[in-house]
Amino acid sequence: MTTPTRREQCAPHVLRDYAFIADGERGALVGPDGDMAWMCAPQWDSDAVFGGLIGGRGGYTITPVDRYVWGGYYEPGSLIWRNRWVTTDNRFECREALAYPADPHRAVVLRRVVAMERAVRVRVALQPRGGFGKQALTHLRCTDGIWTGRTGDLRIRWTGGEQAQVLGSRGDAALEFELRVPAGQHHDFVLEISDEALPDDLDSADNLWRSTETAWQREVPTLDNCLSPRDTRHSYAVLRGLTSGGGGMVAAATTSLPERAEAGRNYDYRYVWIRDQCLAAHGVAASGAHGLLDDAVRFVTARLLEHGPALAPAYTVTGSPIPDQSRLRLPGYPGGSDRIGNWVNKQFQLDAFGEALLLYAEAERHDRMDGDAWRAVRVAVDAIAQRWTEPDAGIWELEPRAWTHSRLICTAGLRAVAAANPDTGAAGEWLGLADRILADTTANALHPTGRWQRSPDDAAVDGALLLSGIRGAVAPDDPRTIATLAAFESDLTQDGYAYRFRHDERPLSEAEGSFLLCGFLMALAKHQAGDDVSAMGWYERTRAACGSPALYAEEFDTREHQLRGNVPQAFVHALHLETSARLSEGSS
């Protein structure tokens, strides 16, 4: 790897090479050149201030002067990343984090260059540009070695860059310089970006690092009861980093990263999907770590009580509606696009109500329910009773149909919440509704071979249908569960990778990447069926489908061994956590 010029520093890398740092209110992607290529501020769905990932202007780079090769690692149980570079005669690191716990109005980016053996030289360039790169860095001033400025409505303060010079024209100003760090020493940078007035008091870098380390140690449990505790803790840390103080967990940190080049499947995932947050709760509950379970109950309860049967599939982290989909007029990530907002705001997804009931059943089993949550249970049950016969967009957000998975997951949710609190007078009513939905689905969406099919008018197999047995819509040893698992393994797996459904007659790996959610579902289904050897194989194969920073995207290109889609994908990390916990139960 050679040293990039300034113009090249924002060139995108393959997704598997990006590390992710986050504080719950926003996140950033850091590349192997020390390039902070993506961060929205002050919140997840705000405009990007570093938008190079999708072709926007603005970035923050700390990169070696000499030729280098790259590596890196996370400090255990945290989202504190260490970029590591090896040059011809030296090795050194840049420690990266967002200060944690977070202020929802103020992002604090911590970067520490550490000269481990010999003196090091790095090039530093800072150019935050709000509005996805449209708003220049203005009002620059350096007082007592501290830079302040503005970009749009955002206030900027930067310490550690007292040697920097303002380069570029007025509309393209950047702060740049070359830094030398003596052997055995380190140099700290603290960047603050806020939509409110910055506090007068400056906290030291040492204090910010200490509080961040302490917070991660407090928030991420040891998870010694899971398989591969180190990797499982990392998935938990990712989920914690994606979860805001209001309890909402965004689906991913990014927008418009392509599932398949030029295929048009590029979406904005910087929002909270009800389904995804409920999926995460299963892994959290299985591992015995309850903080994220409480967050999920709190966020989903608030949305159900506010919107009832009109529950949207997804919201912003503040519980607001998602904006309509629009374009930014940027180049996009290569093969991708530049969309913000999401068309899911116009959809009805029935399975969200079933997932909510499954969430509440898990919460009740762990004594995490309160009065509001039980009121939300009744709202979700009433919504299912009212709307289960309507066509919906389903888990894959396609054209409205009577999707089998949506109805079966509602069946599972009704059964689970009734079992979790059998003494309530409503439990019999809930079970009766579950029976009616299951009977209708069996009559209309059971394939002649005895397996579930995607919908009454679509006889194909679908990976989501594995959840009917895993979540208890029907028993694990029910012939429908057994036949569905066998059909999925036969039709939608190849070379140890799983796919969600067939798009067309092309080979599976040509139409779409391996869907990592489905790989972990296969591991859970095999474990439930008593085939733990196969379950472990599926777990290990899917667990390995990541890059050096051990982040999962939605899909994995099995031919090129590349990540596809937005990153990090919360529901994949959630299923990794659940699978690790469930398989550990069987191996103990």
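The values are calculated or read from the model by the stated rules, or taken from the named source; none is laboratory data. Small disclaimer: the values here were computed from a predicted structure and weren't measured. No Cβ is skipped: glycine too gets one built from the backbone with ideal geometry, and neighbour counts run over all protein chains shown. With ligands, DNA and RNA removed, areas are computed over all heavy atoms of the protein, side chains included. Shrake-Rupley method; radii C 1.70, N 1.55, O 1.52, S 1.80 Å.
Tabulated data for the structure shown
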{"quantity": "All positions within segment 221-247 that are surrounded by 24 or more Cβ atoms within 10 Å (Cβ to Cβ) and β-branched (V, I, T)", "calculated": "T232, V238, T243"}
{"quantity": "Count - residues of segment 414-430 that are open to solvent by 70 Å² or more (accessible area, probe 1.4 Å) and closer than 22 Å to T481 by Cα", "calculated": "1"}
{"quantity": "Single residue of segment 537-574 satisfying the filter (hydrophobic (A, V, I, L, M, F, W, C), closer than 14 Å to A498 by Cα and out of contact with any strand residue (DSSP E or B) (no Cβ under 7 Å at 6 or more places or on another chain)) that is surrounded by the most Cβ atoms within 10 Å (Cβ to Cβ)", "calculated": "V572"}
{"quantity": "Hey, E512 open to solvent by 40 Å² or more (accessible area, probe 1.4 Å) and either at pLDDT below 95 or closer than 25 Å to D276 by Cα (or both) or not", "calculated": "no"}
{"quantity": "Inter-residue pairs, beta-carbon under 7 Å, first among the charged types (D, E, K, R) and in segment 406-419, second open to solvent by 10 Å² or more (accessible area, probe 1.4 Å), 6+ apart", "calculated": "R407/W388; R415/L431; R415/G472"}
{"quantity": "Residue ranges of strands (runs of 3 or more DSSP E) in segment 24-97 with at least 3 members more than 18 Å from the chain's Cα centre (by Cα)", "calculated": "59-64, 69-74, 81-86"}
{"quantity": "Members of segment 265-322 found to be surrounded by 22 or more Cβ atoms within 10 Å (Cβ to Cβ), assigned to a loop (DSSP other than H, G, I, E, B) and at pLDDT below 95, listed by number", "calculated": "N266, Y267, A289"}
{"quantity": "Subset of segment 470-484 that is assigned to a helix (DSSP H, G or I) and not hydrophobic (A, V, I, L, M, F, W, C) - its residue that is nearest to A416 (Cα to Cα)", "calculated": "T481"}
{"quantity": "Candidate set from segment 357-375 (those that are basic (K, R) and farther than 20 Å from T411 by Cβ); member that is modelled with the lowest pLDDT", "calculated": "R368"}
{"quantity": "Condition broken by S455, with the remaining ones in (1) out of contact with any Phe, Trp or Tyr (no Cβ under 6 Å at 6 or more places or on another chain); (2) touching a residue at least 40 places away in the same chain (Cβ under 8 Å) satisfied", "calculated": "(1)"}
{"quantity": "Residues satisfying the stated conditions in segment 431-487, i.e. of a type in the set (A, V, I, L, M), over 28 Å from D531 (Cβ atoms), under 33 Å from the mean Cα position of the chain (by Cα) and open to solvent by 20 Å² or more (accessible area, probe 1.4 Å)", "calculated": "none"}
{"quantity": "Strands (runs of 3 or more DSSP E) contained in segment 105-165 and holding at least 3 residues of a type in the set (K, R)", "calculated": "106-114"}
{"quantity": "Every residue from segment 36-61 that is surrounded by fewer than 24 Cβ atoms within 10 Å (Cβ to Cβ) and closer than 20 Å to A99 by Cβ", "calculated": "P42, Q43, S46"}
{"quantity": "Neighbours by Cβ (under 6 Å, 6+ apart or cross-chain): first from segment 557-574, more than 22 Å from L239 (Cα to Cα); second open to solvent by less than 10 Å² (accessible area, probe 1.4 Å)", "calculated": "D557/G513; T558/S514"}
